[in-house]
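The values are calculated or read from the model by the stated rules, or taken from the named source; none is laboratory data. Owing to the predicted nature of the structure, the values given are computational and were not obtained by experimental measurement. Cβ placement follows ideal geometry from the backbone for every residue including glycine, while neighbour counts extend to all protein chains displayed.
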Amino acid sequence: MLEHVITTYGYPALFLGTFLEGETILIIAGIAAFEGLLDVRLAILTAFTGSMLGDTVYFCVGRSRGEWLLLRLPRWRPSIDRVLAMLDRHSVWLILTFRFMYAVRNVASVAVGMSRTPWWLFMALNAVGAAVWAVSFGMGGYLFGEVLLAFVKDIKSYQMQILGGACLLALVFWCFRLWRKHQRSPK
């Protein structure tokens with residue numbers, strides 16, 4: 001049952017997850033690829049595409065409607081201002097690495113869109129950053145699956161529990177991040 005769901009909806013779910021945020025779902029996809037349920041190369045390509053497209057959309061929103069968005073989401077202002085300050089000092093490195101920074105990824109592309117960064121520079125650096133991110137987290141999940149096999153000899157009998165546990169752990173981690181973000185946001 002779970003195998004069918006993953007093989008049927010795995011790539012679209014991965015695309016949507018990486019469009020919105022993504023490292024947890026990409027790690028799970030890497031584990032599923034190790035299990036033979038997904039192709040690791042296609043999972044990495046899907047994650048790259050989802051991340052790249054998502055960040056491009058957020059960049060365009062920042063470029064065309066950034067101030068309007070901040071009027072509707074004033075709690076984003078401190079994060080946007082922090083990213084804009086980082087852009088002034090380290091624009092290239094920030095665009096290359098924002099995916100790897102906790103609490104920056106969701107607003108970074110919007111902030112870069114609001115800055116004076118040329119679109120072509122953002123697109124080029126964003127592509128490199130998305131590729132490095134997709135390969136590192138996708139292969140990380142794949143290799144984690146290999147480590148699991150070394151510790152559990154008969155993984156086939158446990159695969160549903162492991163995959164279910166990984167999904168549950170991802171959900172708990174995601175809920176915790178939302179809760180922390182809510183706790184930190186100005187009231």
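For region 3-21, the count of residues that are within 20 Å of residue 98 (Cβ to Cβ), outside any helix (DSSP H, G or I) and in contact (Cβ under 8 Å) with a residue 60 or more places away in the chain is at least one.
Checking each residue in region 100-131 for being in a helix (DSSP H, G or I) and within 16 Å of residue 79 (Cα to Cα) picks out 100, 105, 106, 107, 108, 109, 110, 111, 112, 113, 114.
If the condition is being closer than 22 Å to residue 106 by Cβ and surrounded by fewer than 24 Cβ atoms within 10 Å (Cβ to Cβ), then region 4-21 contributes 12, 13, 15, 16, 17, 19, 20, 21. Which one of the conditions (1) touching a helix residue (DSSP H, G or I) at 6+ places or on another chain (Cβ under 8 Å); (2) among the basic types (Lys, Arg); (3) over 23 Å from residue 133 (Cβ atoms) does residue 65 fail to meet, given that it meets all the rest? Result: residue 65 passes all but (1). Only residues that are loosely packed, with under 15 Cβ neighbours inside 10 Å and either polar (S, T, N, Q) or without any contact (Cβ under 8 Å) to a residue 40 or more places away in the chain (or both) were counted across region 107-131, and they come to 6. For region 134-172: of the residues being in contact with an Asp or Glu (Cβ under 8 Å, 6 or more places away or on another chain) and modelled with pLDDT of 75 or more, which is nearest to residue 85 (Cα to Cα)? Filtering region 134-172 for residues that are in contact with an Asp or Glu (Cβ under 8 Å, 6 or more places away or on another chain) and modelled with pLDDT of 75 or more, the one nearest to residue 85 (Cα to Cα) comes out as 137. When each of 114, 139 is tested for being among the hydrophobic types (A, V, I, L, M, F, W, C) and closer than 22 Å to residue 48 by Cα, the lone residue that passes is 139.
Considering only residues that are over 18 Å from residue 166 (Cβ atoms) and not in a helix (DSSP H, G or I), which ones fall in region 26-41? If you could, list the steps in order and put the result at the bottom.
Applying the first criterion (over 18 Å from residue 166 (Cβ atoms)) to region 26-41 yields 39, 41.
39, the sole residue that qualifies.
Before we move on, is residue 97 surrounded by fewer than 21 Cβ atoms within 10 Å (Cβ to Cβ), free of Cβ contacts under 8 Å to residues at least 60 places away in the same chain, in contact with a helix residue (DSSP H, G or I) (Cβ under 9 Å, 6 or more places away or on another chain) and not in a helix (DSSP H, G or I)? So residue 97 fails the test. Cβ separations smaller than 9 Å between residues 6+ apart or across chains give the following pairs from region 42-67 residues that are assigned to a helix (DSSP H, G or I) and surrounded by 24 or more Cβ atoms within 10 Å (Cβ to Cβ) to residues that are of a type in the set (Lys, Arg) and modelled with pLDDT under 95: 51/99; 55/99; 55/105.
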